[in-house]
Amino acid sequence: MTSRSFSLRALLGWPVMLKGIRLGDPSDAVLDTESLRVVGLEVLCADGARRFLPLAAARIREDRVAVGSALILLEDGDREFYRPRSRTFRALIGAPVEREGRPLGQLVDLLVTPDGTVEAVAARVNGSGALLHESAGVTISAAPKASAA
């Protein structure tokens with residue numbers, strides 16, 4: 001795991017900023033179904049609209065998500081390209097995590113690099129503290145069985 005990786009849960013608490021101006025707050029992360037890579041963020045903007053921010057257009061800082069232009073926040077219809085082959089992070093919280101058919105627990109968090117690569121998966125077993133597992137070979141079911149919040 002790299003020193004530049006971050007908790008996806010923590011990132012959802014950081015503002016989306018443009019040159020010191022708060023544009024909005026991430027409400028969820030969108031992950032590619034096959035690669036389990038973060039492709040973007042759903043952002044609740046200051047005007048009340050929900051928009052999509054492609055991760056490739058953002059710069060992840062220690063306490064914020066920086067963008068170079070407000071125009072990269074896509075309107076609802078513009079993000080249809082991502083929907084058929086993606087799922088949201090919040091929808092996966094509590095989902096079963098496995099490696100080669102062996103249960104590791106229920107999803108709590110993902111450790112992600114700035115380019116969206118998932119390096120590790122945090123999973124909780126039977127209400128205990130979460131354990132961090134390298135992401136290689138890990139699968140996460142689409143439907144959560146119980147909440148791990």
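The values are calculated or read from the model by the stated rules, or taken from the named source; none is laboratory data. Just so we're clear, the structure is a prediction, and the values are computed from it rather than from any experiment. With ideal geometry, Cβ positions are generated from the backbone for all residues, glycine too; neighbour counts draw on all protein chains shown. Accessible surface areas use protein heavy atoms only, side chains included; no ligands, DNA or RNA. Shrake-Rupley method; radii C 1.70, N 1.55, O 1.52, S 1.80 Å.
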Which one of these does R50 not meet: (1) out of contact with any Asp or Glu (no Cβ under 7 Å at 6 or more places or on another chain); (2) open to solvent by 50 Å² or more (accessible area, probe 1.4 Å); (3) over 17 Å from V112 (Cα atoms)?
(1)
Determine which member of the set S27, S86 is within 26 Å of S141 (Cβ to Cβ), at pLDDT below 90 and polar (S, T, N, Q).
S86
Those residues of the range 31-42 which are open to solvent by 10 Å² or more (accessible area, probe 1.4 Å) and within 21 Å of E75 (Cα to Cα), in sequence order:
D32, V39, E42
Are there any pairs with C-beta distances below 6 angstrom linking a residue in the range 85-113 that is under 24 Å from R4 (Cα atoms) to a residue that is open to solvent by 30 Å² or more (accessible area, probe 1.4 Å) and part of a helix (DSSP H, G or I), with the two at least 6 apart or on different chains, and if so which?
D109/R9
Extreme residue, least open to solvent (accessible area, probe 1.4 Å), among residues of the range 82-122 that are hydroxyl-bearing (S, T, Y) and farther than 19 Å from G13 by Cβ
S86
